[in-house]
Amino acid sequence: MNPIEIRERVAIAGATGAVGRALAAKLVGHYRLIGLSRREPAIASLFSPDIEEWRRCELFNQPEVHDGLCGATLAFYLAGDQPRSGARLTQGRPIDLELIRADNFARAAGAQGVRHIVALRCLARLDAEPECELAAEQALGGHGVAVTTVYCAPIVGEGTALTNTLLAMSRRRGLVVCAPWTAQTAQPVALSDVVVCLVSALEQQGADKERLVLVGPQRMSFRQMVERTAQLQGLNPRLLGLALGRRRTPIGPLEHGVREPQANFCSFEVALSDALATKLIMPAASRELSLHMAGSKNVRSVQRLPLPAGFDAEQVAHAYFRWLTLPAHIIHVVRDHEADEVWRMYVRPLPWPALVLARVVDHGEPGRARYAICGGLLVKRPGGFLEFLRVAGDQHVLAAIHDFVPSLWWPLYRVSQALVHVVVMRRFGRYLGRHGGG
């Protein structure tokens, strides 16, 4: 470690994950570590005792990200492959959800003076969807902060999704059915090697938009990984391969193209043996997360809209309100106060507003129009927001509802209002494409 950089503040987004915990253990004592998590600090602290300060930070909530990065000069972005959005119901493409997270993080980093971001991303997704991955990479680097992107093969180590799945399948009793997806091949890489490379990337702080690729020395199918995992535990499960069945993996993209492995990287067996030697048990944290997911009834919905020539995000938002008020629609929108920009949406012929929205100014940022959901018949609890966001380098606008809590009975909401919202946004997107919001 460079003595000059000792005690600099390093923020870690995704600090409660397997990579985040291992990274914190490597950096502790050399930097002041700030852990960012959507969980409450008291719960997040159970995941890693090495983090000095925990801050609650939902990456979809730009003000929280802005506050979470306050005081940090360096940052890790390890949340690029989070399978969950933190909502009970999520509507939208994974890439659009990730674009919002990445753009929020990059905007906040630029505003708070962060010098360097090291982002960990999925190599298999880069090979499968290169345009989407490059768009997310561009979003992270679109606000003036140097970015090093590390694309990584599936990670073998304590608590990783791959390791947990391998252990679960290898320990099953009786006949273990292997769906077609288990034939996918990869070059799994050790968690310890990934952490060393991440720390090296942080300290070198090389050229802007640098890209690294990490793969292990062995290429094997998932089924072969299960067999070797069983052998290391002295087990002998009976595996039955099927030609038909599920082809998508339960742990996200797995297969990637052949890459030249880095020198001196650990073998699969060594990495798995290290993972088996340590057991991380966090019953309180696991119980809290399960209760939170079971009790929450919030919604996150993201739709991609065309961006008319000469329009910004706020003009698209105003076009949306005008379009809703067209005579052919049953919704009527009233702008209540010019100064405060309060908008009330009515469903004809009801006299009470279905939604009340108030314009929010987020640190004077361009490319975003954000409206707090303050109340209305369709809202059970205020606190959510509607936003229109243009991501750096993208020629579209993302229309998103975050943390919306409906007043309707949840099963009824799922088959009514939730579906209607998606249909309405798609129709508005077609309207923008035809008429340019005029």
Worksheet item: Under unit Cβ charges (Lys, Arg +1; Asp, Glu -1), what dipole magnitude, rounded to 20 debye, does the chain have relative to its Cα centre?
Response: 1760
Fill in: Relative exposure of Glu137, Glu131, Glu203, judged by other C-beta atoms within 10 Å (fewest first)
Glu131, Glu203, Glu137
Response to the item:
Checked region 297-435 against the a/c 1.5 cut and the a/b vs b/c comparison, axes a ≥ b ≥ c from its Cα gyration tensor; verdict rounded
Discussion item. Cut-off is 10 Å between beta-carbons; in what order do Phe76, Phe404, Phe265 appear when sorted fewest neighbours first?
Written reply: Phe265, Phe404, Phe76
Fill in: Dipole magnitude of region 297-435 about its Cα centre (Cβ charges: Lys, Arg +1; Asp, Glu -1), debye to nearest 20
660
Item to complete: State the extension gain, in nm to one decimal, for the chain segment bounded by Leu240 and Arg414, taking 0.36 nm per residue of separation less the distance between their alpha-carbons.
Response: 58.9 nm
Fill in: Most to least packed among 167-174, 13-20 [average Cβ atoms within 10 Å]
13-20, 167-174
Worksheet item: Which whole-Hz ³J(HN,Hα) couplings does region 31-45 yield from phi under the Karplus relation 6.51 cos²θ - 1.76 cosθ + 1.60, θ = phi - 60°, glycine and proline marked x?
Response: 9, 8, 9, 10, x, 10, 8, 6, 7, 5, x, 5, 7, 4, 5
Worksheet, complete the sentence: Residues whose modelled amide H sits under 5 Å from the amide H of Val147, counting only those 5 or more places away in sequence or on another chain, are Ile117, Lys209, Glu210
Worksheet item: Along the three principal axes, how long is region 113-239 when you take its alpha carbons, biggest first, rounded to the nearest angstrom?
Response: 56, 28, 23
Worksheet item: Ranking Ile51, Ile330 by Cβ neighbours within 10 Å, fewest first, what do you get?
Response: Ile330, Ile51
Item to complete: Along Cα→Cβ, 7 Å out, is where each label goes; now give me the distance between the ones at Arg381 and Arg93 in nm to one decimal.
Response: 3.2
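Any read-out appearing in this document is the output of simple, stated calculations on the displayed coordinates, not a laboratory observation. Note that the structure is predicted; figures quoted are calculated from it, not measured. Please note: Cβ atoms are built from the backbone with ideal geometry, for glycine as well, and neighbour counts cover all protein chains shown.
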